[in-house]
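Here is the structure we will look at, set down as structure tokens.
Just so you know, all these numbers are worked out from the coordinates, no wet-lab data involved. Note that the coordinates shown come from a computational prediction; the quantities given were computed from them, not determined experimentally. Methodologically, a virtual Cβ is constructed for each residue, glycine included, from the backbone with ideal geometry; neighbour enumeration extends over all protein chains shown.
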Amino acid sequence: MPPSWPTAAELMTPRPVTLPVDAPVSTALGLMRSKKFHEVPVLRGSRLVGLVTFEAIARRVTRPLSTKVEHLLILPPLLSPTTPYPEVAEELLSSGLRAAPVVGARGELVGLVSRSDLVRALPGLGPLVRADRTRVDELASPASTVVRENDLCRNLVGQIRLLEEHPLPVVDRKGRLVGAVGVADLGAVLWRPVQGGKRDPRSAHTALDVEVSSIMRAPPVTVPAGTDVASAARRMARENVSSVFVVENERPVRVLSQSNLLGLVVARGRPSRGPARLEDVYVEITGLRGSADPALFADIDQVVSRGLKRITRSARPRLLSLHFAPHATHRTSDVTVEARLHTDASIFYASHTGWNLLAGVAGLLEELESQTRRASEHRRRGPAARRAVEAEEEPLDDPVLEQRIRAVSDPDA
């Protein structure tokens, strides 16, 4: 690990705001709204027992606000003051949290380090992450999901998992970007006080029956295509937002989130000596969080491992990001899978849309392997490039899984 990486002690906010375990949810919400927090450490006496998060509260809207926060706790990763920047970024990405506690030798809470803290420090890392050479077009995710300004807030509750990743772009009737809405904005109506008195049954509306335009943040924070990542990170920190939108012709085409920036740090901070190894690759999967089928993750992991093993023949992979975006319509069960692969030499992309997730992931890995191989041959520019042949595909350990993947391309098999 390079000695110039900042540590958690240098990045954290010392003496963070905390809550006791017997504090009601209403107190936590009030604190989050006033301070713009997403996570608050919870203590029993002076001892850290967990975090209460806005997302955890939002998923339990049926619980009364008098519920004690100890019933909604999550166990966060614990960082030490000496944890280097890339490991902090990896812990936040893998846990899906926006902040994590820093604890001392006796387990006492000494600070809290957030994604915003990491993004604020990113421009100063210089050549360590090549932030001044990487463009937002290379790193940002497609703006595959947008919200209409006249949509009801009620519809956003079903998209709570998407809102946890980053705010969604809000567009007008012509598709032009007019605002952004995130999970914290939705909180403004989730627990809006209800006036006392008799309710008219003919107009039994709730606080969620308001248009998105009434809670969105406007104007949205944008950057033009071609902006370098360091400049985008500075703008993100200056505007105190968790994402910026890349626009073309007034329409959102990509979203650069804090997660994208941290992924770049994780990729650059991984070991680079010796032969390429699968253990050195960080795999990030988004869009499937909360899936009720753990077997699906196991199958995806097996397909990814097979694909990465082939990629290591021509490149040194550092980070693989897979994002699953289900098509929100009753007419199709298709899912679009976007893949981004960071290697020592470059960043590669692939996309697939279809109903068969495993076939899609397998196809993406094959496409990425082909791209890295061609790039490697191009760099060699010699006789070895002309003699290069496509490597024979390795069979999966599970023949049943292999058959399931191939069934989509050959239904008669």
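Can you check what the net charge comes to around residue 229, using other residues whose Cβ is under 13 Å from the Cβ of residue 229 (Lys, Arg +1; Asp, Glu -1)? Could the numbers behind the result be given before it?
Numbers: positive: 130, 133, 135, 234, 235, 254, 268; negative: 132, 137, 138, 228.
Result for the local shell: +3.
Could you please report the charge total around residue 211, scoring K, R as +1 and D, E as -1 over all other residues with beta-carbon less than 11 angstrom from its beta-carbon?
Numbers: positive: 148, 154; negative: 149, 151, 209.
So the environment of residue 211 carries a net charge of -1.
The length gained by stretching the chain between residue 278 and residue 15 to full extension, at 0.36 nm per residue less their Cα-Cα distance, is 90.8 nm. Loop-located trypsin sites (Lys or Arg not before Pro) in the range 83-147 (DSSP state not H, G, I, E or B) with no more than 13 neighbouring Cβ atoms inside 10 Å: 106, 133.
In square nanometres and to one decimal, what's the mean projected area of the convex hull around the Cα atoms of the range 8-126? Walk me through the numbers on the way to the answer.
Details: hull surface 29.1 nm².
Its average projected convex-hull area is 7.3 nm².
Counting Lys +1, Arg +1, Asp -1, Glu -1, what net charge surrounds residue 323 among other residues with beta carbon under 10 Å of its beta carbon? Walk me through the intermediate numbers first.
Values: positive: 340; negative: 165, 284, 338.
So the environment of residue 323 carries a net charge of -2.
In order along the range 45-58, the phi-based Karplus estimate (6.51 cos²θ - 1.76 cosθ + 1.60, θ = phi - 60°) of 3J(HN,Hα) comes to x, 10, 9, 6, 10, x, 10, 10, 10, 4, 5, 4, 5, 5 Hz; Gly and Pro are listed as x. Rg and Dmax over the alpha-carbon atoms of the range 98-137 stand at 14.3, 45 Å.
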